[in-house]
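Written below as structure tokens is the structure these notes are about.
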Amino acid sequence: MAGSVYYDEKLSGKRLERCYRIASPRVEQYLKAEIRHVLDRIRPTDAVLELGCGYGRVTTRLAKAARRTVGIDSAAGNIAYARSLDSEESCEFLIMDALALGFPDKAFDVVVCIQNGICAFNVDRQALVLEALRVARRGGIVLFSSYSDRFWPHRLAWFEAQSAEGLVGPIDYAASKNGSIVCTDGFRAGRMTPGDFSELCAALGVRFTTCEIDDSAVFCEIAN
């Protein structure tokens, strides 16, 4: 089952929120480190777009640092739940396909796709990057993140906990290797290494940098 379809049908709204509520202290550390890294790249005057916003876990945090914050997700359940949680209406939440964004060119200063969305969406990665760049302003940036190989034991344990709660299917341990988590119900998500990001960006001819934070996340920052 394609990643985006899986989330749309099986892992949206409160079920997705539950995945984060059962995270171990080490996973919570990683999640906070990701957000801190993104916040360090945002200015108060920026318009920010998050791709694959889920129930708004990250989007609402980014809204505290930016002039305008928009979160898009293909799952209607996620967007409905995100809107219900955003009591201050600090963000705009829209149902939208990350490969066909309904925004004009150069609409945002920062475009964010973290928590391994580049793999979890299970879409053409070059097309995803190009569409993100299309809506980024000249001088703006696009941020993608994936998992560090150093984080593998913690990531696997987190998915084991999700499986135990019935949020995802049983782990297919024979197939879950080389940075990929595979479940018997069709869930599958790999990861991007710094080399993978370099290869992708080189193929597109874009300027980029990569870094690893917290021994858990690999970031790729693309300059527009």
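Overview of values
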| item | result |
| --- | --- |
| Unique residue being touching a helix residue (DSSP H, G or I) at 6+ places or on another chain (Cβ under 8 Å) and more than 22 Å from V218 (Cα to Cα) when the list is L101, L31, L51 | L101 |
| Single residue of I118, I141 found to be of a type in the set (A, V, I, L, M) and closer than 21 Å to S12 by Cα | I118 |
| The stretch 190-215 residues that are within 26 Å of F159 (Cβ to Cβ), paired with ones that are outside any helix (DSSP H, G or I) and aromatic (F, W, Y) (beta carbon under 6 Å, 6 or more apart) | R191/Y147; C211/F219 |
| Single unsatisfied condition, T59 versus (1) surrounded by fewer than 23 Cβ atoms within 10 Å (Cβ to Cβ); (2) of a type in the set (S, T, N, Q); (3) touching a helix residue (DSSP H, G or I) at 6+ places or on another chain (Cβ under 8 Å) | (1) |
| Residue satisfying all of: in the stretch 92-139; of a type in the set (S, T, N, Q) and surrounded by fewer than 19 Cβ atoms within 10 Å (Cβ to Cβ); farthest from the chain's Cα centre (by Cα) among these | Q126 |
| The stretch 147-176, subset among the aromatic types (F, W, Y) and crowded, with 18+ Cβ neighbours inside 10 Å, residue nearest to the chain's Cα centre (by Cα) | Y147 |
| Close pairs (9 angstrom Cβ cut-off, 6 or more residues apart or separate chains): within 11 Å of R155 (Cα to Cα) in the stretch 17-41, outside any helix (DSSP H, G or I) and among the hydrophobic types (A, V, I, L, M, F, W, C) anywhere | Y30/A23; Y30/I213; Y30/A217 |
| Positions within the stretch 199-224 being surrounded by fewer than 19 Cβ atoms within 10 Å (Cβ to Cβ), in contact with a helix residue (DSSP H, G or I) (Cβ under 8 Å, 6 or more places away or on another chain) and outside any strand (DSSP E or B), in sequence order | A203, L204, V206, D214, D215 |
| Criterion: more than 14 Å from the chain's Cα centre (by Cα), farther than 15 Å from V111 by Cβ and surrounded by fewer than 23 Cβ atoms within 10 Å (Cβ to Cβ) - qualifying residue of S74, S84 | S84 |
| Count of the stretch 120-156 residues which are in a helix (DSSP H, G or I), hydrophobic (A, V, I, L, M, F, W, C), touching a helix residue (DSSP H, G or I) at 6+ places or on another chain (Cβ under 8 Å) and at pLDDT 95 or above | 4 |
| Neighbours by Cβ (under 7 Å, 6+ apart or cross-chain): first from the stretch 117-141, at positive phi and touching a residue at least 12 places away in the same chain (Cβ under 8 Å); second part of a loop (DSSP other than H, G, I, E, B) and of a type outside the set (V, I, T) | N122/A2; G139/N224 |
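The values are calculated or read from the model by the stated rules, or taken from the named source; none is laboratory data. Worth saying up front: this structure is predicted, and the values here are computed from it rather than measured. Using ideal geometry, Cβ is built from the backbone for each residue, glycine included, and neighbour counts are taken over all protein chains shown.
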